[in-house]
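The values are calculated or read from the model by the stated rules, or taken from the named source; none is laboratory data. Everything numeric here is computed off the predicted structure, so don't read it as measured data. Glycine gets a Cβ as well: all are built from the backbone with ideal geometry, and neighbour counts include every protein chain shown. Please note that ligands, DNA and RNA were not included when accessible areas were found on the heavy atoms of the full protein model with its side chains. Shrake-Rupley method; radii C 1.70, N 1.55, O 1.52, S 1.80 Å.
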Amino acid sequence: MKRFRCLAVWLGLVVLMGAVMALGQGYVGGHEYVVPETTSLKAVAEKFFETPDYWPAVMGATNRMHLLDPSFLLIENPDLPIEATSKLWIPPKDWADRFMWVCYFDSPAFPACLFGGGQLVVGSWWTAGGEAEGLAALFDIYKREQPDVVIVNATIAGGAGFVFRAVIKPRIIAGNPPDTFQLHAGLEVAGYEPEKYLRPLDELYAMEGWEEVFPKALLDLMRYKGHYWGVPVNIHRSNVLWYSKAIFEEYGLTPPATWEEFFELADFLKEKGIVPLVLSNAGGWEAAHLFEDILAGTCKAEKYRGLWTGEVPWTDGCVTEALEILKRILDYVNVDYPAHTWDTCLEYLAEGKGAMNIMGDWAMGWFMAKGVDVGWAPPPGTKGIFVALSDTFAFPIAAPNPANVPTWLAICGSKEGQIAFNIRKGSIPARIDITPEERAQFPPYLQSAMEDWTRDEIVPSVIHGAAAIEAWVTDFKDVIGMFLVTKDVEAAQAALVEAAEEALAAMAEK
Ligand code: GAL
């Protein structure tokens with residue numbers, strides 16, 4: 001009995017400490033204000049924000065604090081006087097600005113947003129090792145900032161988001177979206193008809209000063225029809241060759257710089273009973289991902305870019321060469337690749353049964369989460385080329401809890417959020433104001449990626465939404481899927497030519 005009482009006291013203390021910590025850190029970073037004499041909400045807003053129009057921000061913040069600590073006033077009717085000695089919460093200016101962006105007087109979010117609580121439904125496809133940890137780190141920051149809100153982690157598994165997008169699009173059109181969802185930077189946004197279904201984020205960009213801290217190339221990629229529709233949380237690299245350090249050390253091998261070196265090495269490994277290159281394609285996109293990296297190497301940066309803008313025809317010899325290489329590679333991969341996803345196939349490397357894998361650097365997140373020591377190098381032919389993509393979060397117009405979204409987006413774009421997230425995710429911050437001390441906190445692979453990002457030629461990933469509209473991405477993926485079976489280089493190239501013509505025509509029409 002005594003033990004239980006002890007436990008109860010202890011638990012009580014923990015809960016109290018939690019509440020105090022939440023308040024101490026200032027869930028909106030503001031401060032308490034005990035009203036000296038009876039006044040009005042508008043007068044308080046005027047006093048702290050130099051405009052009476054900010055009364056919803058004072059009301060919203062105070063009511064949120066009331067949910068955590070009932071000694072704060074619950075303001076039900078903003079027109080009634082605020083009695084002397086009432087305890088209010090004055091949010092900091094940046095929170096108030098973000099709040100007013102969504103919760104202005106005749107906005108659809110009004111008046112529900114004045115009372116706080118509710119959920120934040122976050123849609124993403126981050127379920128694998130590294131992905132889940134990164135997302136959890138963002139949630140931890142959010143919980144500190146908005147402890148009145150319950151986060152709903154609405155993931156739909158399936159790498160690169162092909163399953164996710166198929167599910168989320170009809171929901172958005174039906175007016176039943178999550179509050180915020182994962183969206184690749186680039187032309188992927190076109191598939192969501194953003195002008196109809198998404199909230200433009202230009203004002204938020206201005207409030208947060210993001211045009212000064214994100215690289216210009218990324219800002220250009222983010223702008224579609226003159227607006228920003230997502231907040232970038234990272235930069236990923238699609239072209240990385242991961243190799244088993246144990247196997248490479250055992251046989252004194254070095255990562256191949258050319259495809260000829262690769263095939264020499266592959267013959268050697270095959271003879272030893274080791275899978276030379278581990279492949280997956282259960283998601284239908286992984287082989288096409290490998291192909292985009294081969295293509296970047298055979299075409300090189302300028303021509304590769306031109307393939308997606310229509311400046312370089314898909315009949316080019318560098319496309320033929322890439323298909324020939326992929327065809328040859330298929331003799332050196334695990335036969336069960338159609339059953340593996342990008343993450344499950346990595347077990348081959350972890351168990352010392354496979355020597356190499358070509359995948360984006362989210363694989364590093366997986367290796368870190370599983371404690372597997374691997375080496376990395378650019379895939380053959382891509383030294384000095386960084387095939388890039390970025391994950392962003394968008395804000396649907398019909399978000400069920402709009403008032404809870406600005407804080408989430410602000411965290412995604414913040415330095416604190418980007419450091420906490422990317423260290424675990426295997427990506428690098430999109431922000432350019434990371435100091436050398438902050439950079440030093442990142443694991444070695446990510447530090448090397450940060451360096452490459454500033455000095456390599458940057459080209460967009462197609463499979464991960466940066467280079468092309470979704471219809472083109474799907475055709476590209478399907479052509480390669482078919483090629484794995486037919487191994488018919490000519491037919492595949494003809495299909496790629498056709499896909500390009502159709503997509504470029506569709507893009508020209510818009
Ligand atoms: C990419 C996404 C990455 C990573 C990967 C595998 O499309 O940008 O963040 O999660 O898919 O799921």
*Ranked highest first by the average count of other Cβ atoms within 10 Å around their residues, in what order do 319-331, 355-367 fall?*
355-367, 319-331
*Gap in Å between the Cα centre of segment 225-275 and the Cα centre of segment 27-57?*
57
_As I understand it, the value is the acute angle between the Cα axis of helix 55-68 and the longest principal axis of the Cα atoms of the chain; what does it come to in degrees, rounded to 10?_
90
_Where labels lie 7 Å past Cα in the beta-carbon direction, separation of ILE432 and ALA339 in nm_ = 4.9
_Rounded accessible area per residue of the chain, 1.4 Å, Å²_ = 41
_A 28 angstrom limit on the alpha carbon distance is what I want to check against. Which of LYS169/LYS415; LYS42/LYS415; LYS93/LYS415 exceed it?_
LYS169/LYS415; LYS42/LYS415
*Hey, got the Cα dimensions of segment 87-231 along the principal axes, in Å, largest first?*
49, 32, 32
*Could you pull out every residue, at least 5 positions away or on a different chain, whose amide H is within less than 5 Å of the one on VAL152? Hs are placed 1.01 Å off N in the peptide plane, and Pro or chain starts have none.*
LEU120, VAL121, VAL122
*From the C-alpha gyration tensor of the chain, pull out the three semi-axes of the equivalent ellipsoid (sqrt of 5λ each), sorted largest to smallest, in whole Å.*
48, 26, 18
_Proximal charge balance of ILE463 [Cβ under 9 Å; K/R count +1, D/E count -1]_ = -1
*asked:* How much of the DSSP bridge set in the chain is antiparallel, in percent, rounded to the nearest 5?
replied: 60
_Interatomic Cα distance distribution for segment 409-510, bins of 10 angstrom, percent_ = 13, 30, 22, 24, 11, 0
*Surface share of carbon and sulfur [accessible, 1.4 angstrom probe, percent] for segment 200-301*: 50
*Return the calculated 222 nm mean residue ellipticity for the chain, to the nearest 500 deg cm²/dmol, obtained by summing -39500 (n - 2.57) across DSSP H runs with n ≥ 4 and dividing by the residue count.*
-15000 deg cm²/dmol
*Where the centroid of each part is defined by its Cα atoms, how far is segment 417-485 from segment 71-137 in Å?*
32
*So how tilted is helix 415-425 from the main axis of the chain? Cα-based, degrees 0 to 90, rounded to 10.*
40
*Shape call for segment 295-345 from the C-alpha gyration tensor, a ≥ b ≥ c root eigenvalues: rounded (a/c under 1.5), prolate (a/b greater than b/c) or oblate?*
prolate
*Quick one: helix 2-24 against the long Cα principal axis of the chain, what's the angle to the nearest 10°, folded into 0 to 90?*
90
*Once you've got the Cα coordinates, tell me which of LYS245/LYS487; LYS272/LYS370; LYS47/LYS225; LYS245/LYS303; LYS245/LYS383 are over 28 Å apart.*
LYS245/LYS487; LYS47/LYS225; LYS245/LYS303
*With a 10 Å radius around each residue's Cβ, average the other Cβ atoms per peptide and rank 140-146, 456-462, highest first.*
456-462, 140-146
*Using a basic spin-label model with each label point 7 Å from the Cα along Cα→Cβ, how many nm lie between VAL497 and ALA43?*
7.9
*Gyration tensor verdict on segment 21-113 (Cα atoms; rounded if a/c is under 1.5, prolate if a/b is larger than b/c, oblate otherwise)*: rounded
*Please report, as a whole percent, how much of the solvent-accessible surface of segment 21-113 comes from carbon and sulfur atoms (probe radius 1.4 Å).*
55
